[in-house]
Amino acid sequence: MEDIVSFAKRRGFVYPGSDIYGGEAGLYDFGPYGVELLNNIKTSWWRANVRSKENYVGIDSAMFKHPKVWEASGHVGGFSDPLAECKQCNTRIRVDKELGKIGIQADEKMSEDELNNLFDANRDKIACPSCKAKDFSSVKAFNLLVQSNLGDFTGDNERPVYLPGEACQGIYLNFKNIVDTTRMKVPFGVAQIGKAFRNEISPRNFLFRTREFEQADTQYFVKPNENKEAYEAIKQDRWNWYLSLGIDEQKLRWKQHDNLVFYASDAWDIEYEFPTYGFDEIEGLHDRTDYDLSQHTKFSGTDLHYTDPYTHDKYIPWVLETSMGLGRVFLAVLSDAYTVETMDNGEERTVLRLSTELAPVRYAVFPLLKNKPELVEKAREVFAELSKKYPCEFDDNGNIGKRYRRQDEIGTPQCVVVDFDTLEDGTLSVRDRDTTEQSRVMIEDLL
Ligand code: GAP
């Protein structure tokens, strides 16, 4: 993973956030190739979850929401990590995680008192990860929501607004709007890609646990008790999408939650086996029953019951959620594609074996020689044609071998070279990233 992190920076995929200020924990910026890869993952996801489905629509809701939304969702009251502070060096620990390491499961639903009792009974077994002391404060719930302010206020922020702790709330808030303004009828799904912010106390593992990240969510609204079959179909569908990205199936697995978060009645994760970190969650699937729409009905005073247009049954729909962390999937895709190999001539090369759909650059276009104006001019014409349709890069810098190597590293499936034969017969030399074989192709065939 260390190699991948330094590769990601060196080749313009991911930079540490606020790098010139020495960085800021848990924040990262996507660089020129990173944003292309990220956008390609999003496009693939949107196509699979909105465009190719008859009964799904997409939205893009505002990040800031009425403050009551986060009370209704349960995040103001219940979205917290239990922390204790080392009295010697002030390091904070996640008490549930530390208890887990010594084989004791702390239930998510435990009160602060119950957790303190459990922690007290096991204090002698838990040492501070920094100074090894076993001298901790009592356990306090630390809320993960990030607070902000909107509008004109002076002094105390009496009406704090929150950055989204999860992207999906915008979908519940628009459930009624969508029913009233589109032809969607239950069962139907709504998709959204949106940012989420969490005051993670120990952001870690590169893009895996960050304080700002993006989620790609679908919420599928079904009739009460008609959740089981739909849930199984959604699970299969999500699994297949990962395979469609070209991810190695051996590195994927399902994990069912024993400890359910406050809104879920059943929950499964799709896990990916990251180098160094091992298997961990990239997407969560939650059976949320009627929790969300009931809570928003109660807190907003707006009735979110649905009336079936055929049977006239009236009910609060149940929700089946898929929530994928884009940073984590980006890291899984990058890890899966990252290969260092020895070529026949004994040289080592780094290759990103990304699928054609995901590669940041589809075609790299080179003139064979930089100092032959007729080759450069023709290569620019080819670039102009191909880039109307595909993400392309023009490169005339350095010898051709070095240019191939640069494109292999960023995962470009094919390099297109304009040489003297091109000027004669219009064919281009097309070199394949994976086999390194070259063939001659007419531009029309590439298009
Ligand atoms: N709406 C449901 C929800 O937010 P979650 O399991 O807390 O569920 C869903 O988050 C996904 O978001 C996770 O599977 C993970 O991929 C991603 N995610 C959660 N916290 C994250 C963090 N701190 N950094 C990066 N990704 C995160």
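The values are calculated or read from the model by the stated rules, or taken from the named source; none is laboratory data. Since the model is a prediction, treat every value here as computed from it, not as a measurement. Glycine gets a Cβ as well: all are built from the backbone with ideal geometry, and neighbour counts include every protein chain shown. Surface areas here come from the heavy atoms of the whole protein model, side chains and all, with no ligands, DNA or RNA. Shrake-Rupley method; radii C 1.70, N 1.55, O 1.52, S 1.80 Å.
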_Can you give me the long-range amide H partners of C89? Hydrogens built in the peptide plane at 1.01 Å from N, cutoff under 5 Å, separation of 5 or more residues or another chain._
none
*For the pair K109 and F299, what calculated FRET efficiency results from E = 1/(1 + (r/R0)^6), where r is the Cβ-Cβ distance and R0 = 22 Å, to the nearest 0.05?*
0.60
_Tell me the per residue accessible area of the chain using a 1.4 Å probe; a whole number in Å² is fine._
49
*Report Rg(Cα)/(2.2 N^0.38 Å) for the chain, keeping two decimals.*
1.16
_Cα-centred dipole magnitude for the chain, charges only on beta-carbon of K, R (+1) and D, E (-1), debye, nearest 20_ = 600
*Neighbour-limited loop hits for trypsin sites (Lys or Arg not before Pro), segment 113-211 (at most 14 other Cβ within 10 Å; DSSP other than H, G, I, E, B)*: K132, K134, R183, K185
*Among F299, S439, N227, pick out the residue whose Cα is farthest towards the positive end of the charge dipole of the chain, where Lys and Arg carry +1 and Asp and Glu carry -1 on C-beta, about the Cα centre.*
F299
*Once you have a ≥ b ≥ c as the square roots of the Cα gyration tensor eigenvalues for segment 361-446, tell me rounded if a/c is under 1.5, and otherwise prolate or oblate according to whether a/b is larger than b/c.*
rounded
_Ranking by accessible area, most exposed first, for D60, D395, D425 with a 1.4 Å probe_ = D60, D425, D395
*If R0 is 51 Å, what FRET efficiency do you get for S137 and S244 from their C-beta distance, rounded to 0.05?*
0.55
*asked:* I'd like the FRET efficiency for K68 and S6, computed as 1/(1 + (r/R0)^6) with the beta carbon distance as r and R0 of 41 Å, rounded to 0.05.
replied: 0.35
*So what does K372 come to for accessible area, using a 1.4 Å probe and Å² rounded to 10?*
80
*Which order do C89, C128, C392 take when ranked by solvent-accessible area (1.4 Å probe, heavy atoms of all protein chains), largest first?*
C89, C392, C128
*Among the listed pairs K101/K134; K42/K65; K65/K251; K97/K132; K176/K298; K68/K185, those beyond 26 Å (Cα-Cα)*: K65/K251; K68/K185
_Accessible area in the full protein assembly, largest first, 1.4 Å probe, for H296, H257_ = H257, H296
*Non-local amide H neighbours of F142 (under 5 Å, H modeled in plane, Pro and chain starts lacking H): which ones?*
D81, L83
*Over the chain, what percent of the accessible surface lies on carbon and sulfur atoms, probe 1.4 Å?*
47
_Calculated over segment 36-123: convex hull of Cα atoms, volume per residue (Å³)_ = 232
_Max mean-square fluctuation residue, GNM over the chain, Cα-Cα springs under 10 Å, options Y272, Y338, Y21_ = Y21
